[in-house]
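The next block holds one structure in the form of structure tokens; read it before the comments.
The values are calculated or read from the model by the stated rules, or taken from the named source; none is laboratory data. As the structure is a computational prediction, the values presented were derived from the model and not from experiment. For neighbour counting, all protein chains shown are included, and Cβ atoms are generated from backbone atoms with ideal geometry for every residue, glycine included.
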Amino acid sequence: MLKPKTWLRLVVVVLMGTALAYAGWHFTRPAAPDVELATIARGAVESTVVNTRAGTVKACRRAKLAPVAGGQIVKLWVKEGERVQAGQPLLELWSRDLAAQRELATRQLATSKDRRREACIMADNARRNAERTEQLAARGFVSPQRGEDARAEAHARQANCDALTADVKRAQAQIQVTLAGLERTTLTAPFAGIVARVTGEVGEFTTPSPPGIPTPPAVDLIDDSCLYVSAPMDEVDAPRLKPGQPARITLDALPGQSFAGKVRRIAPYVTEVEKQARTVDVEVDFDTPPQQILLVGYSADVETIIEQRTQVLRVPTQAIQQDGSVLVLGAGDKLETRSLETGLANWAFTEIVSGLNAGDRVLLTFDDENVKAGVKVKPKTAP
């Protein structure tokens, strides 16, 4: 039988061993993992549609201009980047032959007018003379034959006057023809805008595009006072789009900024590009023209708002697992699985119909496979 001192020593040894074992377990056990949490609160949730490929900023009016007739450029009135007004000349082709024809037609018109004036004066005199002769013949002072001869002379003179009047009109028409030909040699701006590109130099020849064979335009004119965005949307989303729907526009050239807009037009056909998804082009207007200078051709993205709900419970979409559940921080900082009934959703937030309450904290990331339901975690609220 062990003595009391021996028992005491044995108890002390056991207690020291237990303490050392606990201390070893306490300091070597795995620490609770740090996790990023989000707090459930109320806010807006939108159902949106975004473009499948980058859209493009376009001008409401853009004209690729070329003279109606071909010829040699003798005057180039504008340069690339220059602003022009509607009706302002842009370039002029060689037209000395047409100018000479106009001068000839002008002189012919003047001659025709002089001849008409002389003939019509003589016709008027012959008419008055015929009237007097007929009066004298009626009184018996002259023979009736002289009256008839005078009337025939008046008719002949009037016919000559009418013929020369027609010559005057023909000369006037000829001048209009030459003026139209001269107008065809001068290219003018159909609207106010900025010259994007000029193809050709003084002395070079320019020709209009033959049917079916496109040629570079002489002047590319852009009306940059009115801009919109054209973006391709997936054909699956096309039935949900309607003109007038609100949209948000973002530009790669202006990061961090968003511009309000509205859908102005939806293409009535599907665009099929080889090895790419079929898309429908959607045009979106800016609600307010941006104060920054936008260049035609900027890449842009469009997010069309299909439906919007405000002041609803929402959860970050990334917190929802594939089975539709979330991991909620429960008692003792342990994670619990919670099933959800959801409503509207987008890439950022999902509406909560039931399953969560305001103030609940849910797991945001699932990078650590050891973080799962029942595991104690160290919460770290997402910024």
Among the residues listed as Arg53, Arg62, the single one being modelled with pLDDT under 85 and closer than 30 Å to Thr279 by Cβ: Arg53
Residues located in region 289-324, provided they are surrounded by 15 or more Cβ atoms within 10 Å (Cβ to Cβ) and within 17 Å of Asn357 (Cα to Cα): Val312, Leu313, Arg314, Val315, Pro316, Ala319, Ile320
Test result for Val12, over 30 Å from Leu295 (Cα atoms), in the same structural domain as Ala348 (by TED's automatic domain parsing), at pLDDT below 80 and not small (Gly, Ala, Ser): no
Residues that are more than 27 Å from the chain's Cα centre (by Cα) and in a loop (DSSP other than H, G, I, E, B), drawn from region 35-67: Ile40
Odd one out for His155 among (1) out of contact with any Asp or Glu (no Cβ under 9 Å at 6 or more places or on another chain); (2) buried (at least 17 other Cβ atoms within 10 Å of the Cβ): (2)
For Leu329: the one exception among (1) surrounded by 18 or more Cβ atoms within 10 Å (Cβ to Cβ); (2) of a type outside the set (Asp, Glu); (3) under 26 Å from Lys242 (Cβ atoms): (3)
Pair list, Cβ under 6 Å, 6 or more apart: region 171-188 residue closer than 23 Å to Gln72 by Cα and among the charged types (D, E, K, R), other residue in a strand (DSSP E or B) and at pLDDT 85 or above: none
Long-range neighbours under 9 Å by Cβ, at least six apart or interchain, first residue acidic (Asp, Glu) within region 270-292, second loosely packed, with under 11 Cβ neighbours inside 10 Å: Asp281/Tyr269
Pairs, first at negative phi in region 42-58, second small (Gly, Ala, Ser) and part of a strand (DSSP E or B), C-beta under 6 Å, six or more apart: Asn51/Ala231; Ala54/Ser299; Gly55/Ser230; Gly55/Ala231; Gly55/Ala300; Thr56/Ser230; Val57/Ala300; Lys58/Ser230
The listed residue being farther than 30 Å from Lys75 by Cβ, in a loop (DSSP other than H, G, I, E, B) and either aliphatic (A, V, I, L, M) or not assigned by TED's automatic domain parsing to the domain that holds Ala86 (or both), out of Ala277, Ala231, Ala247: Ala277
Region 114-152: number of residues that are among the aliphatic types (A, V, I, L, M) and over 25 Å from Ala163 (Cα atoms): 4
